[in-house]
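Presented below is the structure to which this report refers.
Read-outs throughout are calculated quantities, based only on the coordinates presented, and are distinct from any laboratory measurement. The model shown is predicted, which means the values in this text are computed figures rather than measured ones. Glycine gets a Cβ as well: all are built from the backbone with ideal geometry, and neighbour counts include every protein chain shown.
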Amino acid sequence: MTKLQTPRFGPLESQEGDVIFFPKGIPGFEDHRKWILVGDDENPIK
């Protein structure tokens, strides 16, 4: 389990299975390869 402190969402906890890995990053964020989705389950925007 990883604990993160974010300025927008406050403290978050994630499991290894929550991480989405992009080997080459995503356009505009090439240096950032590990991502997690946050937000309400009912909200389509994460």
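For the pair Arg33 and Lys46, how long in nm is the line joining their label points, each one 7 Å along Cα→Cβ?
2.0 nm
Working from the alpha-carbon coordinates of the chain, get Rg over Rh, Rh being the Kirkwood radius.
Ratio of gyration radius to Kirkwood radius: 0.98.
Which aspartates and glutamates have a Cα less than 15 Å from the Cα of Lys24, not counting those fewer than 8 places away in the same chain?
none
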